[in-house]
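Notes follow the structure.
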Amino acid sequence: MTIPTSDSITTTWLTDRLRAAGHDADVRGFTAEQIGTGQIGKCVRYKLDLARADATTPHSLVGKFPSDDPISRATGVQLKNFIKEVSFYRELQPRLSIPTPRCYFADIDGEGPDFVLLLEDLAPARQGDQLEGCNIAVAEAAVNALVGLHAPSWCDASLRGIDWLAEPSAASSELGAMMYRAQLPGFMERYGAHLEADERAIIEQAGDHAHVLFRPLATPFALVHIDYRLDNLLIDTRSTPPRVTVVDWQSITLGNPVADAAYFLGAGLLPDDRRANEERIVRGYHARLVEAGVSGYDWRSCWQDYRRGTFAGFSVTVIASMLVQRTSRGDEMFIAMAKRHARHAIDRGGVEFFDE
């Protein structure tokens with residue numbers, strides 16, 4: 001049994017995974033509980049009944065599997081979500097310093113949909129809530145954590161041409177633009193009534209200026225999470241500053257790194273909090289990049305890239321909302337994201353980039 005499903009996990013398989021990770025342990029039983037609110041994947045917490053264990057053996061683990069929904073499974077294959085995440089843990093995690101859960105097992109059948117990840121359980125850290133938003137301390141910690149992704153991969157030519165990373169090209173940018181325009185009418189029919197007139201306008205206008213949403217790889221580039229938002233963070237508030245651990249690496253690719261920061265702040269902070277704090281937070285991020293060894297990238301360039309990055313959430317919101325299983329919480333989340341990303345682009349004068 002190379003790639004188990006969420007229902008076919010056994011005590012023997014779990015024991016083997018622990019022993020392969022260096023733990024002298026035996027799993028004699030377990031309970032399984034589905035957790036999280038993923039749209040593409042399904043996460044299950046396994047609480048382990050250990051007959052024998054060393055002091056470092058985890059007493060629970062989290063398994064990640066494809067969604068049970070056929071549409072979401074097909075989307076995960078089409079967008080390379082499954083192969084990206086498995087390959088992230090296999091190939092990239094060791095070279096990065098961004099906080100991520102320890103991976104005990106990662107395997108996939110081709111490009112999916114059948115895959116499994118077995119990950120460290122970070123409880124009592126809790127998943128962020130995209131609808132609720134976050135406070136300034138969490139936002140600052142989340143943006144600072146991005147330095148551990150971006151700085152180690154900054155303009156690293158060895159990352160170019162990796163098939164599963166699917167770096168943006170002229171062809172992929174045109175395909176993305178076509179998908180955005182194709183999904184936009186349905187998106188507006190479903191969610192448009194919940195948006196202000198200027199929010200609807202800028203989301204629609206972006207479809208006519210696709211270069212603000214999709215562009216071939218340019219300098220600077222780094223590994224980018226793409227979907228860097230609260231629902232994809234596990235937050236531990238027992239420390240100061242709060243500790244964030246990043247999950248859901250299903251969209252990782254190469255791109256302009258500051259777009260990750262813009263995407264997070266645009267969707268994670270309520271507009272008034274964002275306006276009051278975003279420049280200070282982004283200045284801190286830029287300073288940490290420089291401390292980590294990034295050179296030749298001044299503050300003015302960083303802030304301009306941040307302003308361009310206000311459009312980073314448009315494509316995820318419009319396209320993903322129409323290609324995954326529809327749920328009540330998903331509807332609320334996509335409405336919140338659409339409103340916040342649109343307001344962010346409006347606030348930061350994003351229409352200026354339509355004429356580039």
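The values are calculated or read from the model by the stated rules, or taken from the named source; none is laboratory data. These numbers were taken from a predicted model, which means no experiment stands behind them. Virtual Cβ from ideal backbone geometry, glycine too; neighbours counted across all protein chains shown.
Hey, can you tell me all the residues within the range 310-330 that are over 14 Å from ALA342 (Cβ atoms) and not basic (Lys, Arg)? I'd like the intermediate steps shown before the answer.
Of the residues in the range 310-330, the ones over 14 Å from ALA342 (Cβ atoms) are 319-320, 322-330.
ILE319, ALA320, MET322, LEU323, VAL324, GLN325, THR327, SER328, GLY330, listed by residue number.
Does ILE319 count as within 23 Å of SER67 (Cα to Cα), at pLDDT 95 or above and in contact with a Phe, Trp or Tyr (Cβ under 7 Å, 6 or more places away or on another chain)? Criteria not met by ILE319. Residues in the range 40-84 that are touching a strand residue (DSSP E or B) at 6+ places or on another chain (Cβ under 7 Å) and of a type in the set (Asp, Glu): ASP49, ASP68. Scanning the range 66-99 for residues that are under 30 Å from HIS23 (Cβ atoms) and out of contact with any Gly (no Cβ under 9 Å at 6 or more places or on another chain) returns LYS84, SER87, PHE88, TYR89, ARG90, GLU91, LEU92, GLN93, PRO94, ARG95. Evaluated against (1) in contact with a helix residue (DSSP H, G or I) (Cβ under 6 Å, 6 or more places away or on another chain); (2) not in a loop (DSSP other than H, G, I, E, B), ARG90 falls short on exactly one condition, (1).
What number of residues within the range 108-125 satisfy the criterion of being acidic (Asp, Glu) and either farther than 23 Å from THR75 by Cβ or exposed (fewer than 15 other Cβ atoms within 10 Å of the Cβ) (or both)? Before the answer, list the steps.
Of the range 108-125, the ones acidic (Asp, Glu) are 109, 111, 114, 120-121.
Next cut, either farther than 23 Å from THR75 by Cβ or exposed (fewer than 15 other Cβ atoms within 10 Å of the Cβ) (or both) only: 109, 120-121.
So the count comes out to 3.
Among the candidates ASP198, ASP248, the residue that is within 20 Å of VAL77 (Cα to Cα) and acidic (Asp, Glu) is uniquely ASP248. Whenever a residue of the range 159-188 is in contact (Cβ under 8 Å) with a residue 60 or more places away in the chain and among the β-branched types (Val, Ile, Thr), it has no partner that is surrounded by 13 or more Cβ atoms within 10 Å (Cβ to Cβ) and in a loop (DSSP other than H, G, I, E, B) lying with C-beta atoms less than 6 angstrom away and at least six residues away or across chains.
THR100 fulfils the conditions (1) in the same structural domain as LEU234 (by TED's automatic domain parsing); (2) under 27 Å from TYR285 (Cα atoms); (3) buried (at least 20 other Cβ atoms within 10 Å of the Cβ) except for a single criterion, (1). Scanning the range 12-33 for residues that are closer than 29 Å to ASP231 by Cα and touching a residue at least 24 places away in the same chain (Cβ under 8 Å) yields LEU14, ARG17, LEU18, ALA21, ALA32.
Just one of the listed residues (PRO58, PRO66) is surrounded by 14 or more Cβ atoms within 10 Å (Cβ to Cβ) and more than 30 Å from SER328 (Cβ to Cβ), and it is PRO58. Taking the range 177-221 as the range and being closer than 16 Å to ARG308 by Cα and among the small types (Gly, Ala, Ser) as the test, the residues that pass are ALA206, GLY207, ALA210, ALA218.
Rundown of residues vs (1) farther than 23 Å from LEU165 by Cβ; (2) surrounded by 20 or more Cβ atoms within 10 Å (Cβ to Cβ); (3) in contact (Cβ under 8 Å) with a residue 60 or more places away in the chain, yes/no style:
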residue: ARG229; (1), (2), (3): no, yes, yes
residue: LEU233; (1), (2), (3): no, yes, yes
residue: PRO242; (1), (2), (3): yes, no, yes
residue: ASN256; (1), (2), (3): no, yes, no
